[in-house]
Structures are given as structure tokens and as C-alpha cells.
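A quick write-up on the structure given underneath.
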Amino acid sequence: MFKLWVALVLALEVVGLLLLTLAVPGVPIWVLIPLVPLTVGIALVARRELESPAHRLRRLSPEAIVGHRPRRRAESPESLSRSIVERANEIHRSLTELPADETRVEMCALGYRACANDMITLTHLVNEALPNAPLLHRLRLRRARKRAIDALAEAREAIPSEALRTSRQEQQ
């Protein structure tokens with residue numbers, strides 16, 4: 001879009017210069033020709049300044065932060081299943097390999113809750129897709145759901161039971 005805008009401005013400048021030379025024959029054109037590269041330079045500097053992190057930080061406001069909703073692309077059941085399996089395996093690995101301190105357990109419990117919420121979404125997506133899907137696709141959907149269920153069950157076994165009952169904030 002930026003390139004299109006700069007090309008449009010440059011074309012308008014060139015056409016304007018040509019019309020100026022035709023309309024007013026006594027104007028020295030050589031004085032106005034440096035406007036074209038000057039425009040390109042100003043456009044590049046403006047683009048660099050407007051896309052800088054400092055400029056974006058100045059435009060940031062609490063309302064923009066609170067109002068921000070990440071764009072979620074329509075996830076396929078297979079990709080959502082892979083995501084659940086990956087996170088559940090990481091939760092299981094984190095709690096079984098490393099000494100589990102209170103903070104790690106709480107973070108894993110939060111991750112497990114997020115996986116469980118995604119599992120609900122996955123179930124809905126699979127249930128919507130199953131009736132109209134061909135045989136092989138139905139088998140893939142069921143396999144993806146089964147993998148997610150198994151991975152979530154393994155993660156659930158690794159989390160201490162008291163960690164899922166109440167979070168630390170709810171206890172206070």
C-alpha cells in the first residue's frame with residue numbers, strides 16, 4: 001500500500017510539472033525537478049518514523065490494550081488437536097521431570113484449564129464436521145479428538161489434585 005501511495009504521489013508530481021511547463025512557459029523546470037526525489041526521501045523517512053516502536057508506543061493507550069481482541073483464524077479440528085496435545089505434553093513433562101514448586105504447579109493448572117476449554121471447542125468442531133465428512137476425514141477427526149483426550153488425561157494425572165480445585169487467588 002505504501003508503494004502504491006508513493007507511486008501515485010510521484011506520478012501526480014510529474015504530471016503537475018509537465019502541466020506547469022505547458023501552462024506557464026517561462027517557469028524554469030530545472031528548479032522544480034528536485035521535488036521528485038525529495039518526495040521519495042520524505043516518504044521513506046515518514047514511513048520509518050510511523051512504523052517505529054517508539055511511535056507505536058506513543059499511540060498505545062489503556063483503552064487500546066483492553067479493547068484489543070486477537071484475530072483468531074478459523075482453526076481446523078486437526079490443528080486445534082495438535083495444539084492441545086503439544087500443550088498437554090508440555091504440562092506433563094514440566095511436572096514430571098522438574099521439581100514441581102508451587103508457582104510451576106499453578107501455571108500448569110492454568111494451562112490445563114486452557115487446554116480443557118480448547119477441548120470443549122474441539123469437541124464442538126468435531127461434532128459439527130462429522131455428519132458431512134467423508135469416511136477418511138471422519139476417521140482423522142476421531143483420531144485427532146482421541147489424541148487430545150489422551151494427552152489431556154496424562155496432563156491431568158501429573159497435576160496435583162488440590163491444584164485444580166482452587167487457584168491461589170481463590171484461596172485468599
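Across 10 Å bins from the origin, how do the percents of Cα pairs in the range 2-67 run, short distances first? Going out from 0 Å in 10 Å bins, the range 2-67 shows 18, 33, 22, 15, 9, 3 percent. Candidate values (1) 1.37; (2) 1.89; (3) 1.14 were compared with Cα Rg over 2.2 N^0.38 Å computed on the shown model; the agreeing label is (2). So if a site counts as exposed when it's one of the GluC sites (Glu not before Pro), its DSSP state isn't H, G, I, E or B, and it has at most 16 other Cβ atoms within 10 Å, what's the longest stretch of the chain without one? Here the longest run is 76-172.
Once the Cβ-Cβ distance of VAL6 and SER79 is raised to the sixth power relative to R0 = 35 Å, the FRET efficiency obtained is 0.40. Site pair ALA153 and ASP101 shows an inter-label distance of 3.4 nm when each label is modelled 7 Å from Cα along Cα→Cβ. Residues in the range 113-118 carry Karplus couplings, in order, of 4, 5, 5, 5, 5, 5 Hz; the curve used is 6.51 cos²θ - 1.76 cosθ + 1.60 with θ = phi - 60°, and Gly or Pro positions show x.
Each residue of the range 138-145 was assigned a 3J(HN,Hα) from its phi angle through the Karplus curve 6.51 cos²θ - 1.76 cosθ + 1.60 (θ = phi - 60°); the sequence is 4, 5, 5, 5, 5, 5, 5, 5 Hz, with glycine and proline shown as x. In this simple spin-label approximation, HIS137 and ILE42 carry label points 7 Å from Cα along the Cα→Cβ vector, and these lie 5.5 nm apart.
Read-outs throughout are calculated quantities, based only on the coordinates presented, and are distinct from any laboratory measurement. Note that the coordinates shown come from a computational prediction; the quantities given were computed from them, not determined experimentally. No Cβ is skipped: glycine too gets one built from the backbone with ideal geometry, and neighbour counts run over all protein chains shown.
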